[in-house]
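Colleague: Dropping a structure here in structure tokens format, bear with me for questions.
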Amino acid sequence: GAGVSQSPSNKVTEKGKDVELRCDPISGHTALYWYRQSLGQGLEFLIYFQGNSAPDKSGLPSDRFSAERTGGSVSTLTIQRTQQEDSAVYLCASSFGLGGGGAGEQYFGPGTRLTVT
Amino acid sequence: GENVEQHPSTLSVQEGDSAVIKCTYSDSASNYFPWYKQELGKGPQLIIDIRSNVGEKKDQRIAVTLNKTAKHFSLHITETQPEDSAVYFCAARSFGTYKYIFGTGTRLKVLA
């Protein structure tokens, strides 16, 4: 079946501009995550959504970063007034819930490579 | 706060040899430990996972062991092949939460 998709795959923007990154999770997955991966680095947690619960925003690095998830499906990560240090690959993942004995395995999309010039 | 340490950061092995990657976690409430493989230009892919009620799990050439007392878990790859070359990440998640804490990754090179 279809996996997690992200768009665009690459985005080049000028410093100070706003960008929107999109994630389409696997159908039926209730949890959705955003991570940031800088060149050669590990995954930095940004935010996750689970069902109708309030999102866990504890990983957002500044108030320039925000995310929303409409209708429990598609999510958009917005970065306002982009800075050069925002350049990274932004990864989205989704999973089923933890109920029913499931482990909530995450499935990742291919990522969006953001370059701020 | 929660932390996951991963070692080594790079690992080179000859084809056919075994590779071992180790992770240590800090949160004693962690109960789910997945391992991911990330190939160049792609997102991480889950390759194996283990829950805290199990000490070891195997899937063909890949195995994961967990020592809850010492709070560390390891990935073992036997009979390595060139296609095993990638970056491997460990992660930990605590009971009742959705938040994962990732290790910093290990770049594995399998030399033909």
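Colleague: How large is ³J(HN,Hα) for each residue in the range A:18-23, as worked out from phi by the Karplus curve 6.51 cos²θ - 1.76 cosθ + 1.60 (θ = phi - 60°), to whole Hz, x for Gly and Pro?
Modeller: Once θ is set to phi - 60°, the couplings for the range A:18-23 become 8, 9, 10, 10, 10, 9 Hz.
Colleague: Also, I was wondering about something else. I'd like to check one number: the per residue accessible area of chain A, probe 1.4 Å, reported in Å² as a whole number. Don't jump to the answer; show the numbers that get you there.
Modeller: Details: 5550 Å² over 117 residues.
Result: 47 Å² per residue.
Colleague: Within 10 Å of each Cβ of B:31-43, how many other protein chain Cβ atoms are there on average?
Modeller: Working: counts 1, 4, 1, 4, 0, 4, 0, 5, 0, 0, 5, 4, 16.
Counting other chains' Cβ atoms within 10 Å and averaging over B:31-43 gives 3.
Colleague: Over both sides of the A-B contact, add up the buried accessible area with a 1.4 Å probe and give it to the nearest 100 Å². List each step's numbers first, then the result.
Modeller: Working: alone 6390 and 6600 Å², together 11250 Å².
The summed interface area works out to 1700 Å².
Colleague: Among the listed pairs B:Lys71/B:Lys109; B:Lys42/B:Lys68; B:Lys57/B:Lys109; B:Lys22/B:Lys42; A:Lys57/B:Lys109; B:Lys58/B:Lys99, give every one whose C-alpha distance is greater than 29 Å.
Modeller: Values: B:Lys71/B:Lys109 27 Å; B:Lys42/B:Lys68 31 Å; B:Lys57/B:Lys109 23 Å; B:Lys22/B:Lys42 23 Å; A:Lys57/B:Lys109 36 Å; B:Lys58/B:Lys99 25 Å.
Result: B:Lys42/B:Lys68; A:Lys57/B:Lys109 exceed 29 Å.
Colleague: Using a 1.4 Å probe on the protein heavy atoms, what percent of the accessible area of the range A:9-117 belongs to carbon and sulfur? Working shown, then result.
Modeller: Working: 2270 of 5100 Å².
Of all accessible area on the range A:9-117, carbon and sulfur atoms account for 45 percent.
Colleague: Hey, could you grab the Kirkwood Rh for chain B? Inverse mean 1/r over distinct alpha carbon pairs, Å, one decimal. Walk me through the numbers on the way to the answer.
Modeller: On the way: mean 1/r = 0.0714 Å⁻¹.
By the Kirkwood definition, the hydrodynamic radius is 14.0 Å.
Colleague: Still on this structure: Would you work out what percent of the accessible area of chain B, with all protein chains in place, is carbon or sulfur (probe 1.4 Å)? Before the final figure, lay out the partial values.
Modeller: Values: 2710 of 5700 Å².
In chain B, the share of accessible area belonging to carbon and sulfur is 47 percent.
Colleague: Which whole-Hz couplings ³J(HN,Hα) result when phi for each residue of the range A:58-66 is put into the Karplus expression 6.51 cos²θ - 1.76 cosθ + 1.60, θ = phi - 60°, listed in order with x for Gly and Pro?
Modeller: Karplus-based 3J(HN,Hα) across the range A:58-66 equals 5, x, 5, x, 7, 6, 6, 9, 8 Hz.
Colleague: Applying the Karplus parametrisation 6.51 cos²θ - 1.76 cosθ + 1.60 with θ = phi - 60° to the phi angles of the range B:13-27, what ³J(HN,Hα) value in whole Hz is obtained for each residue in order, glycine and proline being reported as x?
Modeller: Working through the residues one at a time gives 9, 7, 3, x, 7, 9, 10, 10, 10, 10, 9, 10, 10, 9, 7 Hz.
Colleague: Turning to a different aspect of this structure: Relative contact order for the range A:1-76: what is it in percent, counting Cα pairs under 8 Å that are at least 6 residues apart? Present the calculation step by step, with values, prior to reporting the outcome.
Modeller: Numbers: 98 pairs, mean separation 19.9, N = 76.
About 26 percent, as a whole number.
Colleague: In peptide B:87-100, how many Cβ atoms from other protein chains are near each Cβ within 10 Å, on average? Mind dumping the intermediate values first?
Modeller: Details: counts 3, 0, 3, 1, 4, 0, 4, 0, 1, 1, 5, 15, 8, 9.
Mean shielding count: 4.
Colleague: In nm, to one decimal, how far is the modelled label at A:Thr70 from the one at B:Ala70, with both set 7 Å along Cα→Cβ?
Modeller: Label-label distance for A:Thr70 and B:Ala70, simple model: 5.1 nm.
Colleague: While we're here: Under a point spin-label approximation (7 Å from Cα along Cα-to-Cβ), what is the B:Gln81-A:Glu105 distance to one decimal in nm?
Modeller: With each label placed 7 Å out from Cα toward Cβ, I get 1.9 nm.
The values are calculated or read from the model by the stated rules, or taken from the named source; none is laboratory data. Predicted model, so just to flag it, every value in this text is computed and none were measured. Don't worry about glycine lacking a Cβ; one is built from the backbone with ideal geometry, like all the others, and counts go over all protein chains shown. Heavy atoms of the whole protein, side chains included, go into the accessibility calculation; ligands, DNA and RNA do not. Shrake-Rupley method; radii C 1.70, N 1.55, O 1.52, S 1.80 Å.
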